[in-house]
Structure formats: C-alpha cells, structure tokens
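To start, the structure itself, in structure tokens.
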Amino acid sequence: MAKRGGGRGIRIASGEEIDREMAAARKLGVSFVALGEPEYPPRLRQEDDSPPLLAVRGRAEVLTRPMVAIVGARNASAAGHKMAAILGRDLGSAGFVVVSGLARGVDASAHVASLATGTVAVLAGGQDRPYPPENFDLLDRLLETGAAVSEMPMGWEPRGRDFPRRNRLISGMALGVVVVEAAERSGSLITARFAGEQGREVFAVPGSPIDPRAAGSNRLLKQGATLVTEAADVIEALAPILGVAPEAKPLGEPEPLLSPASSGPDDDLRYRIAGLLGPTPVSIDDLVRLADAPAAAVRVVLLELDLAGRLVRQGNGLVAAA
C-alpha cells in the first residue's frame, strides 16, 4: 500500500535483527510499550502518526500522568536557565510531569528541577545512543524517578533530521508546550508548531527584544501564544482540560488524581458518569453529587472520557457528552 501511494515499501525486520534488538534492549534495561497498552502516553495515542512502539527506560508509569513540555534555547541565558528551573520545579510540584528533549540549556535545567517529581526525556536516537554526552549523568539521575523514551531502534545515532521527529513526540505527549527562550530558527519553534497542529496549548516566556535568543518566543506571543511568567499561568490555562489541576503526589504512586488509598474508579462509576452526561452541559460538582462518588474519582473518569474524545468541556466547570 505504501508503494501504491508513492512512498517506499515498509521493510519488515528479519528474525535475526529482532533478536539482536531484543538482546540489546534487555542488556540496557529497556522495555517496549506498544500503542494501545496502558503505559502508552494517552495524549500521544490520539495522534494519527503515533509511533506503534516506544522504547522506554526508567519508570514507565510516569508516561500516563499529565505532562507539560518545557523547551528552549541550548545556549540559554542565565535568566532562561533560572526560568526553566522555576517552571520545572513548580509544575512538578503541582503534579505535572515535565517532558523535554535532554538537550543542553533550557531542557537540562527543566529536567534537573523536576527530578524529585519525575521527568521524561525524549531521545532523538536509540536508547543506547543518548545525546549530548554532557547530559549522560543527568540521564542516569532522571531514570531513577522518571523515564527516557525513544521511537528509534537500538544503535541508532541521532542525525539532524531526527530532532524534529523527536520534537513531535515531545509535543504529542504533553498537554501544552512552554517555550522559555527560542531564536528565530530554533528547534523549539518546531516543537511549538507541532503543538499547534496537534491542538496543544502553546505558551511562551517573554524575553528582551534585544536578545536574539528571545526573538522566536516573542514572536510566538505576537501570534497568540499564552504569556507565561510563572507556573500558575500554565496551570490555570490547563485546568479546564483536566477539570482540575493535578495533585502533587509522592513518587511511587501511579495515579496523580487519586489518594494513595484509592484503587481508582470502577466500571460501575464509569457507566454512571457516562449515563449522566448528555448534550446539555452539567457542572462537575453536580456530577459528583448525582454519582454519589468521591470528587477525585469523578474527575479521573472525566479525564478518561476526555482522552477518549467522548467529553466536551464548556468552561466554568461545565462538561457535556461529545
């Protein structure tokens, strides 16, 4: 079918190649998460070009939590580094997982600041070919509480054209993308463009008009990106998508919206919530009362319906069936 469409045929790997790939993955502690499996990032799953298979190191459970991408200049200013760190720390404390590209500069600062709450690095090469070398130690620390993700095979050396492909995954996994500093031809603008195409929220931190490192991010603001001066700006903009801001949670608990004692909503509650929803908007508070269920559990069900495309959020805490 690919050939009939004018493209190259898809080459199927041989059994020997598959065995080599699996052996290399086992040696490095890499697991594979397929499209449709519970650990597959829920936002990325919705995209038409979602990778069928992701190679994952670290704690795969963080991939199911709400994510915000923080990206920006590799040659970031001191203010850019500081802002990335503040946003990474505060968004992590608010319950979001920070996702970025492990690059030097803004990416690294955001990862470091969110280590305690879990952060995700998306690689342009194979899991055994991370880049850049100066962030290898950061990657090792990151894997203790977060995860590294790649769609490339083991042994794949990252090339220039692989980084935009990586950026598409970063934006696809996230609810929104925050650009801290970006020059006019920055790869971060590619991530922002992907975010817009994927229906994600685009945020930008304003910078000095005489600093070329901020020219691209300032242009995003002119084009309608949400201005960010603190994490609260991001949290406020994303709250309608989630129905509630995610709760900060101790590491080791996979569900950010439920208390440690909760096992999550059961199917009966899912059916009740779905039955209560219709074309007429209803408040989340009314759903909690009518379903006679904990508010946190109701919000988790609403998030599940939202991710499945079965929910419309009307603002002011109102929701309706899609």
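The values are calculated or read from the model by the stated rules, or taken from the named source; none is laboratory data. What you are looking at is a predicted structure, and each value in this text was computed from that prediction instead of being measured. Methodologically, a virtual Cβ is constructed for each residue, glycine included, from the backbone with ideal geometry; neighbour enumeration extends over all protein chains shown.
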Hits in the stretch 269-294 - residues which are assigned to a helix (DSSP H, G or I) and free of Cβ contacts under 8 Å to residues at least 12 places away in the same chain: Tyr271, Gly275, Asp286, Val288, Arg289
All but one of (1) free of Cβ contacts under 8 Å to residues at least 60 places away in the same chain; (2) surrounded by fewer than 19 Cβ atoms within 10 Å (Cβ to Cβ) hold for Ala237; state the number of the condition that does not hold. (1)
Does any residue of the stretch 10-23 turn out to be among the hydrophobic types (A, V, I, L, M, F, W, C), in contact (Cβ under 8 Å) with a residue 60 or more places away in the chain, over 17 Å from Val228 (Cβ atoms) and out of contact with any Asp or Glu (no Cβ under 6 Å at 6 or more places or on another chain)? no
Out of the residues in the stretch 144-198 that are over 17 Å from Leu220 (Cβ atoms) and among the polar types (S, T, N, Q), state the one that is nearest to the chain's Cα centre (by Cα). Ser150
Where in the stretch 106-184 are there strands (runs of 3 or more DSSP E), lying wholly inside it, with at least 3 residues that are in contact (Cβ under 8 Å) with a residue 24 or more places away in the chain and surrounded by fewer than 19 Cβ atoms within 10 Å (Cβ to Cβ)? none
When you check Glu39 against the structure, is it in contact (Cβ under 8 Å) with a residue 24 or more places away in the chain, closer than 21 Å to Asp306 by Cα and either assigned to a helix (DSSP H, G or I) or not hydrophobic (A, V, I, L, M, F, W, C) (or both), yes or no? yes
Take Leu143 and decide whether it is more than 23 Å from Ala237 (Cβ to Cβ) and either aliphatic (A, V, I, L, M) or at pLDDT below 95 (or both). yes
